[in-house]
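Accompanying notes for the structure given below.
No lab work stands behind these numbers, since they all come straight from the coordinates. Note that this is a predicted model, so its numbers are computed, not measured. Counting neighbours? That spans all protein chains shown, and the Cβs are built from the backbone with ideal geometry, glycine included.
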Amino acid sequence: MFHPELIERAARARHSPDAGRNPANCPALVLNADYTPLSYYPLSLWPWQTAIKAVFLERVDIVASYEREVHSPSLDMKIPSVIALRQYVRPSEFPAFTRFNLFLRDRFVCQYCGDPHNLTFDHVVPRRLGGKTTWENVATACAPCNLRKGGRTPKQAHMQLQVPPIRPTNWQLQERGKAFPPNYLHDTWRDWLYWDVELEA
Ligand SMILES: [Zn+2]
């Protein structure tokens with residue numbers, strides 16, 4: 001015999017692609033208290049356990065949820081898909097210096113020849129000449145350009161950077177990021193990530 005509630009749940013699962021989703025694939029998008037994403041790059045996502053814990057500690061409000069439920073003896077709860085901090089956190093002006101963010105600044109193309117394949121990183125002033133690993137001294141380069149340049153400066157190698165490397169602000173990186181959206185976006189996230197896209201649609 002099936003419990004009526006189980007049958008009802010199974011029916012809901014069929015109608016909602018979300019309901020059968022593995023909780024491991026149900027991260028929560030974290031918004032600041034002003035309902036803007038806490039961070040874009042990387043996108044502020046918490047695993048479902050962290051999100052639910054924060055709900056119970058009353059640190060966040062639930063803005064939207066997955067259809068997927070988690071069960072414990074005392075409670076059934078839909079996994080939150082969007083949560084907002086109750087206390088405002090001052091965002092940093094500059095994004096983290098990561099490989100992904102550097103590629104994003106450079107639009108995923110070689111800064112010498114524009115090739116989007118076989119990308120690596122080039123120290124503009126080589127390390128052996130005292131060049132540092134910083135936003136201002138590292139540029140995206142394809143492997144052939146990187147090899148050709150070798151341990152020389154662009155001038156010595158007669159190679160020209162298309163754009164001088166800069167330390168981008170979060171806002172600049174966000175602008176770049178619109179052309180490279182993440183692979184996975186839950187429907188409930190879109191309103192909080194790309195409001196201007198919605199307006200243009
Ligand atoms: Zn190249």
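Brief remarks follow.
- Percent antiparallel among DSSP beta bridges (both partners in the chain, rounded to 5): 85
- Peptide packing: for 60-73, 19-32, 122-135, the average count of neighbouring Cβ atoms within 10 Å per residue gives the ranking 19-32, 60-73, 122-135, highest mean first.
- Considering only Gly130, Phe100, Pro182, and ranking their Cα positions along the charge dipole of the range 84-201 that arises from unit charges at the beta-carbon of Lys, Arg, Asp and Glu, the one farthest toward the positive end is Gly130.
- Lysines with Cα under 18 Å of Lys53, excluding same-chain neighbours fewer than 8 positions away: Lys78
- The chain: equivalent-ellipsoid semi-axes (sqrt of 5 x gyration tensor eigenvalues, Cα, Å): 45, 18, 15
- Length-normalised contact order of the chain in % [C-alpha pairs under 8 Å, at least 6 apart]: 18
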